[in-house]
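Worksheet: one structure, shown below.
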Amino acid sequence: MRAFNRFYTERIGALDDRHEGMGLTLAESRCLFTIDRLGHPDIGQIAQSLDLDLGYASRLVSRLQRSGCVARSRTDGDHRRRVVTLTPAGADLLAEVARRSNARMGSLIAHLSPGEVKELLKAMDTIRRIIDKEPPP
């Protein structure tokens, strides 16, 4: 299992210093994706979604804020709560990360036949199902 994990993380570039050559770590990329997916989350929601320590999530968001990718603002209902949103630059960066990630995945399977792609996806689904003990969404 560990050998497979090493093989797969290497093939998808998960351990590269800068994810998809974009100047972001994988954690920063995942944070941008999570902010986009959740809409206007606070730090606690980001940390929970990514299963991160609250302090680490806060530092990630601070780095992204300094780089101009996200903005923090207070909510109307609770002035103690600050939500995080993508800036236009952050949305553009996330779109490019997604494009490059999709291209990388496409290159991994480009040489496979349609039957092999189907077999690969079924194997991935099987791994998730067995480990999670529930079907994927």
With +1 at each Lys and Arg Cβ and -1 at each Asp and Glu Cβ, the charge dipole magnitude of the chain around its Cα centre, to the nearest 20 debye, comes out at 180 debye
Log entry: pair-distance distribution for the chain, C-alpha pairs binned every 10 Å from zero, whole % per bin is 11, 32, 33, 18, 5, 0
Once normalised by the length of the chain, the mean sequence separation of its alpha carbon contacts under 8 Å that are 6 or more apart gives a contact order in percent of 19 percent
Once both label points are put 7 Å beyond Cα along the C-beta direction, the S58-F4 separation in nm becomes 3.9 nm
Dipole check, region 2-132, charges on Cβ (K,R +1; D,E -1), about Cα centroid: among N102, L24, G115 the Cα furthest to the positive pole belongs to L24
Under 19 Å by backbone N from the virtual spin label 7 Å along Cα-to-Cβ at I130, the residues of region 75-117 are 117
In the chain, whole DSSP H helices that both stretch 20 Å or further along their axis by alpha carbon positions and average at least 0.0 on the Kyte-Doolittle scale are 88-109
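Each value in this text was obtained by applying a stated rule to the coordinates, not by laboratory testing. The shown structure was predicted, so the numbers you read here are calculated from the model rather than taken from an experiment. We place every Cβ from the backbone using ideal geometry, glycine too, and count neighbours over all the protein chains shown.
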